[in-house]
Amino acid sequence: MYLDYAATTPIAPEAVDAMLPYLTQTGLFANPSSIQHGMGEAAESVVERSRSRIAEPCHGNAKDFVFTSGATEANNLAIKGIALAHRDRGRHIVTTAIEHKSVLDTFKHLESQSFAVTYLRPDSNGRIVPDDLLKSLSDETILVSVMQINNETGVIQPIEQIADALADKNIFFHVDAAQSAGKLPIDLSAIPIDLLSISAHKFYGPKGIGCLFIRNRKRTPLAPLLHGGGQEFGLRPGTLATHQIAGMAEAFGIAHERQAQDLDHAERLRKLLLESLQAAGDFVVNGDPTHCLPNIVNLSFANVDASALLIALRDQVAIASGSACNSGAVEASHVLRAMGIEGDRLYGAVRISFGRYTTETEIVSAGRSIAEAVERLRTLALE
Ligand code: PLP
């Protein structure tokens, strides 16, 4: 059973159908930059149509969306791009201690380039306090980066409040929306966010494609990471992957059409999961119980080590300890640590995440398997 949707989702069949013609049909595989012939022009128009289909549900301007290989690249482009283009104005940048590694490691890199970084800690529920952020700003601050939904806890951050508070300041605001895009509404015409990262494989699109929203590129100049053929307004050169882009646009459209339905489904599954886990007794859910996306459940079972639980469940239920991108090495979650969680609760934390294609039967069965494994491990510990 696959309960690791926060790491990646299966691709929607409709997105696969949308991609196939650009892989197989004569002419449609043409390079979208080869606009000197009709086939290239046809491919280019698919790219531009897809850009508009992605911009529309977020009420953004299509020309403000730059395709990248995913959210890691979009985060790098946003953060390094702003820092390098605006370093003469100031060298202070602000983020949070609970960001994804693709943000944290980018800030670490900039620290080595003599930028001063503030890492804001969340409250014990995993939420950033906007007042703390405001207090951290100085005349030297050029960029603030805060994720919309945390990938380990599902906690929703007060992005609108932060954006409003920064609006009258000369500070760029970047949001990593990898976990929220397609799942929560976002109105870029109303919320003054300057840069927003999106990844298709988190909303039932293909892996290896995403985009960065850059509000009004003239007012938000960025230093590109790559240099080359000038594609994507010179900000992300390289031949565009028409099939990936078409698949992403299709998946994004469906995610928006089904948003309420997918959320309702996730709420039901969350309730059912927590009920089925009652049999395991003594566990605690980590993260804010109200400001959270229902499809990510982070919990710690008393007296049970997460790595032992993952091994016990290995061939039955696919869940994660901490964030999947860090797993392999069993290290305690930097997110839970920043929330002040320690000891057994820290080392016992697992992330269960599900979505559109998860059934109620699967959740009940997974809940049963997890409860049994927890009981076995507790009995073993007593022997
Ligand atoms: N940001 C967050 C919050 C994520 O959850 C992830 C993926 O796990 C990423 C960024 C990286 O996304 P991608 O896999 O598209 O590089």
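Every read-out reported here was derived from the displayed coordinates using simple, explicitly stated rules and does not represent laboratory data. Bear in mind the structure is a predicted one, so any value in this text is a computation, not a measurement. Glycine also receives a Cβ, built like all others from the backbone with ideal geometry; neighbour counts cover every protein chain displayed.
A few notes on this one:
- Extension gain for the segment Glu372 to Leu274, taken as residue separation times 0.36 nm less the Cα-Cα distance, is 33.8 nm to one decimal.
- Computed over every Cα-Cα pair of the chain and binned at 10 Å starting from 0, the pair-distance distribution P(r) comes out as 5, 23, 30, 24, 13, 4, 0, 0 percent.
- Per-selection Kirkwood Rh - region 259-382 (Cα, Å, 1 d.p.): 14.8 Å
- Loop sites in region 89-138: trypsin sites (Lys or Arg not before Pro), DSSP, at most 16 other Cβ within 10 Å: Arg89
- Among the listed pairs Lys108/Lys183; Lys80/Lys207; Lys169/Lys218; Lys101/Lys207; Lys80/Lys101, those beyond 20 Å (Cα-Cα): Lys108/Lys183; Lys80/Lys207
- The stretch between Glu41 and Asp315 holds 93.8 nm of extra length on full extension. This uses 0.36 nm per residue minus the Cα-Cα distance.
- Nearest-20 debye value, region 192-311 charge dipole, Cβ charges on Lys, Arg, Asp, Glu: 620 debye
- Residues Met1, Met248, sorted so that the one with the fewest Cβ neighbours within 10 Å comes first: Met1, Met248
- With the simple spin-label model, which puts each label point 7 Å out from Cα in the Cβ direction, the His59 to Ala332 separation comes to 4.3 nm.
- Computed from the C-beta positions of Asp131 and Asp282 and an R0 of 30 Å, the FRET efficiency is 0.25 to the nearest 0.05.
- Two-site label geometry, Thr361 and Glu14: point separation in nm, points 7 Å out along Cα→Cβ: 2.5 nm
- Span from the region 249-274 Cα centroid across to the region 24-57 one, whole angstrom: 30 Å
- Ordering 162-170, 63-71 by mean Cβ neighbour count within 10 Å, with the highest value first, yields 63-71, 162-170.
- Using R0 = 51 Å, the C-beta based FRET efficiency linking Glu111 and Asp305 works out to 0.95.
- Cut-off 11 Å between beta-carbons: net charge of the residues surrounding Ser34, Lys and Arg +1, Asp and Glu -1: -2
- Computed from label points 7 Å out along Cα-Cβ, the spacing between Arg87 and Arg345 is 4.1 nm.
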